[in-house]
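Notes to accompany the following structure.
The values are calculated or read from the model by the stated rules, or taken from the named source; none is laboratory data. Fair warning: this is a prediction, and the values are worked out from it, not measured in the lab. Note that we place each Cβ from the backbone using ideal geometry, even for glycine, and neighbour counts take in every protein chain shown. These area figures cover heavy atoms from the full protein model, side chains too; ligands, DNA and RNA do not enter into them. Shrake-Rupley method; radii C 1.70, N 1.55, O 1.52, S 1.80 Å.
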Number of protein chains: 2
Amino acid sequence: MTPSSAPSDETVHDAPSARQQAVLDAVLALLVEEGDQLTMDAVARRASCSKETLYKWFGDRDGLLTATVRWQASRVHAGRDAKSALDAATLRDRLLDFAVTWLDVIAGRTSVVLNRIAIAHAGSRKSNLGGIVLANGRLAIGGRVKPVLEAGRTAGFLAFEDSETAFRTFLGLVGRDIQIRLLLGDALDLDAAEIRRDAARAVDQFLALYGQARP
Amino acid sequence: MTPSSAPSDETVHDAPSARQQAVLDAVLALLVEEGDQLTMDAVARRASCSKETLYKWFGDRDGLLTATVRWQASRVHAGRDAKSALDAATLRDRLLDFAVTWLDVIAGRTSVVLNRIAIAHAGSRKSNLGGIVLANGRLAIGGRVKPVLEAGRTAGFLAFEDSETAFRTFLGLVGRDIQIRLLLGDALDLDAAEIRRDAARAVDQFLALYGQARP
DNA sequence: GGAACCGCGTACCGTACGGTACGGTACTGG
DNA sequence: CCAGTACCGTACCGTACGGTACGCGGTTCC
């Protein structure tokens, strides 16, 4: 047998190489510009690579899409989780920060397009992009928000039984119908100021529902 | 010229005939069963009609989809708007009724599938199903809820400045992340009991935010 | 009965696109 | 200098599917 039969980066599983990242960025750009009639030909042309290479690296069209979603997810995860002392003002700031970040993400062109792709795929089964998007979007932020909520409860600033329920209420107050409207093609452009306003309103409402003045 | 050149129901514009309704129901059934790889061939077979007839009636595939969305929308609109006397309990009941209805709709297989189609279409421009779905879903219920909210304010039970904002908060509390999760393929099946519980919680929270005890 | 029409079934066409094959070029190690 | 590898560009194949054409049975109107 040949020495070390699988040395190169066939069918990208872990972190994509720089060149592969460039390809995935091309996919994202194409997706944002052209809507979803994304053809392998177009990707190859845009990324200046051959279709054969695409298939070698990503297996098939679904694999390319999956890798793209993963790639985008990997760059969103930035965000520090400072374990600072928790007073009421800090809690509020943390929640506000989450709300702004979340709105920024879901209102972004990239997120909208990727969610459209994932939703379309969820219709016809096979390789669930939906699951990936869900895991990296909603679940990921949930994993970071819920500890904050629980810390707030421990410190006596919040009152709730189930942190999941509280979190979902928070999401509802922040997101409202924004995401679905954007997905359906509603114009509705949010500028940064509007996002901050929305986020602040949502946090106020959340604290009105779940906050308590003092332990 | 032939006597009365356009007597029959070419390219369905207004209400579809009984036969046409049967075709549209076939489309819905197919959509629910088969996901979104809906082919004209499959529709013709399922509805026992010829493709030629489909094209004659609906123009093209988009036309068929549009007619289907319209048809489904037309049957959801049921629901009385009793202009009963408005006391606090009635207001709560009305809101609860809206919440349950809304959750029932968005959690339904048909709604999920139709929204998926519309969202996929919103990506590639052309005939905006998204707009239609939006108009018949969110906007339609908004048109019915907002008067109730305003009546509640007039009667002194609610306090808010902008009824649109209040309504969207209501929607957020009721729907939370349910719709997007379903669209992305999350299992998450809600039975009637859970829906009632969710709706009640949402209404309670809404009244906690916007209600006031007495004028 | 026959003409006109509707609509079903089926065969057919064109094309877009996923996937593959192959020649040509550049780089690397021996 | 040569083999091997990686990868680009392009030509190619197969097929699924949107859309059209046509023949035939049933119904309506004279």
For this session: Tell me which of these residue A:186 doesn't satisfy, since it passes every other one: (1) over 18 Å from the mean Cα position of the chain (by Cα); (2) more than 10 Å from chain B (Cβ to nearest Cβ); (3) assigned to a loop (DSSP other than H, G, I, E, B).
Result: (2)
Problem set entry | the stretch B:40-69 - residue that is acidic (Asp, Glu) and within 25 Å of the chain's Cα centre (by Cα) and, of those, nearest to DNA strand D (Cβ to nearest atom) | B:60
Exercise. Regarding residue A:199, is this residue buried (at least 21 other Cβ atoms within 10 Å of the Cβ), in contact (Cβ under 8 Å) with a residue 12 or more places away in the chain and more than 8 Å from chain B (Cβ to nearest Cβ)?
Worked result: yes
For this session: Pick out the one residue from A:107, A:118, A:122 that is under 18 Å from the mean Cα position of the chain (by Cα), on the phi < 0 side of the Ramachandran plot, open to solvent by less than 10 Å² (accessible area, probe 1.4 Å) and among the small types (Gly, Ala, Ser).
Result: A:118
Problem set entry | Matching entry among B:106, B:117 (being within 27 Å of residue B:191 (Cβ to Cβ) and touching an Asp or Glu at 6+ places or on another chain (Cβ under 7 Å)) | B:117
Exercise. Out of all the residues in the stretch B:144-160, is one or more assigned to a helix (DSSP H, G or I), within 13 Å of chain A (Cβ to nearest Cβ) and open to solvent by 20 Å² or more (accessible area, probe 1.4 Å)?
Worked result: no
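Here is a list: B:37, B:72. Which entry is within 16 Å of DNA strand D (Cβ to nearest atom), modelled with pLDDT under 95 and not aliphatic (A, V, I, L, M)?
Values: B:72 fails: within 16 Å of DNA strand D (Cβ to nearest atom).
The match here is B:37.
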Problem set entry | Hits in the stretch B:60-76 - residues which are within 16 Å of DNA strand C (Cβ to nearest atom) and either over 12 Å from residue B:127 (Cβ atoms) or open to solvent by less than 40 Å² (accessible area, probe 1.4 Å) (or both) | B:62, B:63, B:64, B:67
Exercise. Which residue out of B:171, B:158, B:188 is of a type in the set (A, V, I, L, M, F, W, C) and farther than 28 Å from residue A:139 by Cβ?
Worked result: B:158
For this session: Might you check whether a residue that is at pLDDT below 85 and either within 9 Å of DNA strand D (Cβ to nearest atom) or within 14 Å of chain A (Cβ to nearest Cβ) (or both) occurs anywhere in the stretch B:12-19?
Result: no
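Can you tell me which of A:154, A:165 is modelled with pLDDT of 95 or more and on the phi < 0 side of the Ramachandran plot?
Unique residue meeting the criteria: A:165.
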